[in-house]
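Only one structure is covered here, and it is reproduced in the block below.
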Amino acid sequence: MSSPTPTPVDVNLWSSADHSRDYLKRADSLPHRGEGEATLLEFLPAQVGRVLDVGSGGGRLLSLVKAVRPGAQYVALDFSSAMLQTLKDSFASDTSTAIVEHDFSRPLPELGRFDAVVSSFAIHHVSHERKRCLYGEIFSLLNPGGVFLNLEHVASPSVALHEQFLRATGRETEDPSNKLLDLEVQLAWLRQVGFTDVDCHWKWRELAVLAGVKPLQAAA
């Protein structure tokens, strides 16, 4: 298993409204994104009472999850002013959705317990150390039997494959805010914090659905 690759920890352009708005304009054009989202939805429990969306952005994944689990209560968490405004424009009158302003590069606030925690192309923006800590915090927020489903941007195993990914997605360079990490390292971390049934349920190049389930009871 490869070691995490050192990446800059002080670059995060998501506080910029222009950077956030530019992403929202091109979010629908990311190749194969719909396949990953559909796979994520397959692994949602049939019954969920509360769902947390970590790094909700403009609410794309939140809307998809709400469409298939309309009876649940939702918490959408983000820190970008542009993303928060988009969320408020879309969900402010929705009494089933609470919008929380928080930068998850810092420890998560007390949010209660959830039956599912989802995320879409967000966690790769924090440092590798913070990723690992965040996975533990998410585990703690889940009810027994709850699931963590993360549609994520992961690292390629070689420079050549990363360059192929950039070309396939119409980009010349990597976003400096991205701190990409090997898929297998992250799956190992999920197992270490206590998740079971850990797997990558779907992958296209650097896009992947990582998942784990919190056991119904603690291991002996």
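State whether the residues of region 134-149 include one that is farther than 15 Å from Val51 by Cα, out of contact with any Pro (no Cβ under 9 Å at 6 or more places or on another chain), not in a helix (DSSP H, G or I) and not β-branched (Val, Ile, Thr). No, because not a single residue in region 134-149 is farther than 15 Å from Val51 by Cα, out of contact with any Pro (no Cβ under 9 Å at 6 or more places or on another chain), not in a helix (DSSP H, G or I) and not β-branched (Val, Ile, Thr). Listed by first and then second residue, the pairs with beta-carbon distance under 8 Å, at least 6 apart or on different chains, first residue in region 170-184 and of a type in the set (Lys, Arg), second part of a loop (DSSP other than H, G, I, E, B), are Lys179/Thr7; Lys179/Pro8; Lys179/Val9; Lys179/Val126; Lys179/Ser127. Within region 101-109, is even one residue within 25 Å of Arg69 (Cα to Cα), part of a strand (DSSP E or B) and not small (Gly, Ala, Ser)? Among the residues of region 101-109, at least one is within 25 Å of Arg69 (Cα to Cα), part of a strand (DSSP E or B) and not small (Gly, Ala, Ser), which makes the answer yes. Every condition in (1) assigned to a strand (DSSP E or B); (2) over 17 Å from Val193 (Cα atoms); (3) among the hydrophobic types (A, V, I, L, M, F, W, C) is met by Val117 except one, and the failing one is (2).
Yes/no matrix, rows are residues, columns are (1) touching a helix residue (DSSP H, G or I) at 6+ places or on another chain (Cβ under 6 Å); (2) modelled with pLDDT under 95; (3) not in a helix (DSSP H, G or I); (4) not polar (S, T, N, Q):
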{"site": "Ser20", "(1), (2), (3), (4)": "yes, yes, no, no"}
{"site": "Arg26", "(1), (2), (3), (4)": "no, yes, no, yes"}
{"site": "Leu40", "(1), (2), (3), (4)": "no, no, no, yes"}
{"site": "Ser56", "(1), (2), (3), (4)": "yes, no, yes, no"}
{"site": "Leu62", "(1), (2), (3), (4)": "no, no, no, yes"}
{"site": "Val65", "(1), (2), (3), (4)": "no, no, no, yes"}
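Taking the criterion of being part of a helix (DSSP H, G or I), among the small types (Gly, Ala, Ser) and crowded, with 20+ Cβ neighbours inside 10 Å, the only residue of region 80-100 that qualifies is Ala82.
The values are calculated or read from the model by the stated rules, or taken from the named source; none is laboratory data. What you see is a predicted model; the values in this text were computed from it and never measured. Cβ coordinates were reconstructed from backbone atoms using ideal geometry, including for glycine residues, and neighbour counts include every protein chain displayed.
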